[in-house]
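The values are calculated or read from the model by the stated rules, or taken from the named source; none is laboratory data. If you're wondering where the values come from, they're calculated on a predicted model, not measured in any experiment. Every residue, glycine as well, gets a Cβ built from its backbone with ideal geometry; the counts of neighbours run over all protein chains shown.
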Amino acid sequence: MRKPKIVILGAGYGGLMTAVRLQKLVGVNEADIVLVNKNDYHYETTWLHEASAGTMHHDKVRYEIRNVIDKSKVEFVQDTVLEINKDEKKVILEKSEISYDYLVIAIGGEPETFGIKGLKEFAFGITNVNSSRQLREHMEYQFATYNMEEEKKEERLSIIVGGAGFTGIEFLGELTNRIPELCHEYDVDFNKVKIICVEAAPTVLPGFDPELVKYAVSQLERKGVEFLIGTAIKECTPEGIFVAKGEDEPHEIKAGTVVWAAGIRGNAIVEKSGFEAMRGRVKVQLDLRAPGHDDVFIIGDSALMINEEINRPYPPTAQIAMQQGETCARNLAALIRNKTDLETFKPDIKGTVCSLGEDDAIGVVFGKKIMGTKAAFMKKVVDNRSLYMIGGVPLVLKKGKLKFL
Ligand code: FAD
Ligand code: NAD
């Protein structure tokens, strides 16, 4: 009898978790499992702010996919997904095509630019290993060039961060630690550097605990960050940005580096493939399948689930993507064994920790507020946990953050 073919697209938190759990649940004779990813490595998206600022080498955030999968059960295909043809049950890849009986779409999200002019062209993003490298190297180039130019352009030393959500704040935390090093490396006067964070909402980290937000803002301000709150980026140009507060006329702020960290949307491929989506995210059923497509699971940043307690979508996080991967693997194992009662996914949110650099953080864990070194310690525990869940102790020993403070 022909074995069912399970194809998993994306080896991020959701996809890789599905693959490593499925390889434990399913026997070699029960299914063919194929994992497709554009790179031969997985990267820890949750560490990219460190690689982007230059406080961590980019190789530290990635590891080889083949080292964590059981090659006797999972075939790895390095290729880029272009489109999903759900009527013919096949995936169009850059170099080939692949048919499936069951599909898991876990190709993550992409930056949401809300159609703001110039952002795609001129702003940097913290989205993958290469964008992080580009941002880090661009900032270094600006510092190096400033020093070599006869006519000094002070704006080369201005860095604007758009968005004071968790990504923006975590990047600022790293950046404030990196700037003194950059100044030293490139013989630049620290007082000439400007770090400006522009946030459209009336507060930094909208919706997070106000006491912790106050702590984060004061720590970052102390290290030189200027916050423009209730101010929206309206346009990005090669010279900087235009911002406006409320109904005010937009005005220009010149800067050599603009980083856009103001939210994400689902992967465009999902919408392009004909799935009904809101900001690129498909509202999935409780069993994580796409409505009307019993053979397609969508998990991670391209999936949308409503938190009924507050009637708002769950935020797109690694925590949820990994938990969805676990449920998805169990549901796939059930389906290939012809079971019809699939598990309902219920997120188990253990908390949120937002780093403010190597040795500082804020967080709410199991309902308790934490800040400072205790929170920084907890952040490293969380970071190591995701490695442990995918590759066990060997992966933690190889890639983990073992210097706790
Ligand atoms: P991803 O982990 O992004 O993986 C997607 C995978 O698909 C990647 O391997 C990618 O290469 C691959 N892929 C994409 N397109 C294609 C294609 N066309 N073809 C083939 N492969 C493709 N969340 C938390 O819970 N805690 C945190 O502390 C946290 N910190 C964060 C810090 C930063 C700086 C950022 C940017 C995000 C952070 N998040 C955090 C959010 C979290 O990283 C995402 O929610 C999570 O990565 C989503 O997982 P995913 O599996 O959907 O996608
Ligand atoms: P976000 O949507 O959480 O925050 C984006 C911020 O940008 C918002 O505060 C928004 O008001 C602001 N913004 C939007 N448009 C703007 C404009 N035109 N000008 C200025 N500001 C503007 O996005 P994020 O921070 O990238 O986070 C994405 C997801 O990843 C979230 O679910 C988050 O929880 C998760 N994440 C978690 C952690 C963590 O747990 N430590 C870290 C990073 C990201």
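Return the residue satisfying two criteria in turn: it lies in the range 13-52 and is over 28 Å from Val381 (Cα atoms) and charged (D, E, K, R), and of such residues it is farthest from ligand 2 (Cβ to nearest atom).
Only one residue tops the list, namely Glu30.
When only residues in the range 197-221 that are crowded, with 19+ Cβ neighbours inside 10 Å and assigned to a loop (DSSP other than H, G, I, E, B) count, which is farthest from the chain's Cα centre (by Cα)?
Ala200
I need the full set of residues from the range 265-274 which are away from ligand 2 (no atom under 16 Å from the Cβ) and in contact (Cβ under 8 Å) with a residue 60 or more places away in the chain, in order please. If you could, list the steps in order and put the result at the bottom.
Residues of the range 265-274 that are away from ligand 2 (no atom under 16 Å from the Cβ), as a first pass: 268-274.
Residues satisfying the conditions are Ala268, Ile269, Val270, Lys272, Ser273, Gly274.
List the residue pairs whose Cβ atoms are under 9 Å apart, where the first residue sits in the range 313-339 and is not assigned by TED's automatic domain parsing to the domain that holds Asp287, the second is assigned to a helix (DSSP H, G or I) and at pLDDT 95 or above, and the two are 6 or more positions apart or on different chains.
Listed by first residue and then by second, the contacts come to nothing, as the list is empty.
Just give me the residues in the range 53-65 being outside any helix (DSSP H, G or I), within 16 Å of ligand 2 (Cβ to nearest atom) and touching a Lys or Arg at 6+ places or on another chain (Cβ under 7 Å), in sequence order.
Our first condition is that a residue be outside any helix (DSSP H, G or I); within the range 53-65, this holds for 54-57, 62-64.
Next, from what is left, pick out any that are within 16 Å of ligand 2 (Cβ to nearest atom): 55-56.
Thr55 - this is the single residue of the range 53-65 that is outside any helix (DSSP H, G or I), within 16 Å of ligand 2 (Cβ to nearest atom) and touching a Lys or Arg at 6+ places or on another chain (Cβ under 7 Å).
Out of the residues in the range 338-396 that are within 16 Å of ligand 1 (Cβ to nearest atom), β-branched (Val, Ile, Thr) and not in a helix (DSSP H, G or I), which is surrounded by the fewest Cβ atoms within 10 Å (Cβ to Cβ)?
Ile349
Only one residue in Glu150, Glu137, Glu64, Glu155 is farther than 22 Å from Glu174 by Cα and modelled with pLDDT of 95 or more, so which one is that? Reasoning before the result, please.
Details: Glu150 fails: modelled with pLDDT of 95 or more; Glu137 fails: farther than 22 Å from Glu174 by Cα; Glu155 fails: farther than 22 Å from Glu174 by Cα.
The match here is Glu64.
Has the range 269-281 got any residue that is modelled with pLDDT of 95 or more, under 30 Å from Met139 (Cβ atoms) and in a strand (DSSP E or B)?
No, the conditions are met nowhere in the range 269-281.
Quick check on the range 181-196: of everything there that is acidic (Asp, Glu) and in a helix (DSSP H, G or I), which residue is farthest from Ser218 (Cα to Cα)?
Kept after step one, since they are acidic (Asp, Glu), are these residues of the range 181-196: 181, 185, 187, 189.
From what is left, the residues that are in a helix (DSSP H, G or I) are 181, 185.
Values: Glu181: 21, Glu185: 27 Å.
Among residues in the range 181-196 that are acidic (Asp, Glu) and in a helix (DSSP H, G or I), the one farthest from Ser218 (Cα to Cα) is Glu185.
Across the range 261-277, which residue is farthest from Ala232 (Cα to Cα) among those that are in contact with a strand residue (DSSP E or B) (Cβ under 8 Å, 6 or more places away or on another chain) and not small (Gly, Ala, Ser)?
The extreme case among them is Phe275.
Scan the range 133-154 and give yes if some residue there is within 16 Å of ligand 2 (Cβ to nearest atom), buried (at least 16 other Cβ atoms within 10 Å of the Cβ) and within 30 Å of Ala216 (Cβ to Cβ), otherwise no. Please lay out each step first, then the result.
Taking the range 133-154 and keeping what is within 16 Å of ligand 2 (Cβ to nearest atom), we get 135.
Those still in the list that are buried (at least 16 other Cβ atoms within 10 Å of the Cβ) too: 135.
Among the residues that remain, those that are also within 30 Å of Ala216 (Cβ to Cβ) are: 135.
Yes, the range 133-154 contains a residue that is within 16 Å of ligand 2 (Cβ to nearest atom), buried (at least 16 other Cβ atoms within 10 Å of the Cβ) and within 30 Å of Ala216 (Cβ to Cβ).
I'm trying to understand the selection: among the residues of the range 230-257, which are buried (at least 18 other Cβ atoms within 10 Å of the Cβ) and away from ligand 2 (no atom under 11 Å from the Cβ)?
Matches in the range 230-257: Gly240, Ile253, Ala255, Gly256, Thr257.
Only one residue in Arg66, Arg2, Arg62 is more than 8 Å from ligand 1 (Cβ to nearest atom) and in contact with a His (Cβ under 9 Å, 6 or more places away or on another chain). Which one?
Sole residue among the options that is more than 8 Å from ligand 1 (Cβ to nearest atom) and in contact with a His (Cβ under 9 Å, 6 or more places away or on another chain): Arg62.
Quick check: is even one residue across the range 262-283 within 27 Å of Asp360 (Cβ to Cβ), of a type in the set (D, E, K, R) and surrounded by fewer than 19 Cβ atoms within 10 Å (Cβ to Cβ)?
Pass one, the range 262-283, residues within 27 Å of Asp360 (Cβ to Cβ): 262-264.
With of a type in the set (D, E, K, R) added as a condition, the list becomes none.
Checking the range 262-283: not a single residue is within 27 Å of Asp360 (Cβ to Cβ), of a type in the set (D, E, K, R) and surrounded by fewer than 19 Cβ atoms within 10 Å (Cβ to Cβ).
Could you tell me whether the range 14-29 includes any residue that is assigned to a strand (DSSP E or B) and farther than 30 Å from Leu172 by Cβ?
Taking the range 14-29 as the starting set, the residues that turn out to be assigned to a strand (DSSP E or B) are none.
No, the range 14-29 has no match at all.
Can you tell which of Glu249, Glu226, Glu235, Glu276 is among the acidic types (Asp, Glu) and in contact with a Phe, Trp or Tyr (Cβ under 9 Å, 6 or more places away or on another chain)? Even if it seems obvious, please write down each step before you answer.
Details: Glu249 fails: in contact with a Phe, Trp or Tyr (Cβ under 9 Å, 6 or more places away or on another chain); Glu226 fails: in contact with a Phe, Trp or Tyr (Cβ under 9 Å, 6 or more places away or on another chain); Glu276 fails: in contact with a Phe, Trp or Tyr (Cβ under 9 Å, 6 or more places away or on another chain).
Every option except Glu235 fails the conditions.
Out of contact with any strand residue (DSSP E or B) (no Cβ under 9 Å at 6 or more places or on another chain) and either within 16 Å of ligand 1 (Cβ to nearest atom) or touching a residue at least 12 places away in the same chain (Cβ under 8 Å) (or both): which single residue out of Glu174, Glu151, Glu185 fits that description? So that I can check it myself, show each step before the final result.
On the way: Glu174 fails: out of contact with any strand residue (DSSP E or B) (no Cβ under 9 Å at 6 or more places or on another chain); Glu151 fails: either within 16 Å of ligand 1 (Cβ to nearest atom) or touching a residue at least 12 places away in the same chain (Cβ under 8 Å) (or both).
None of the other options fit; the residue is Glu185.
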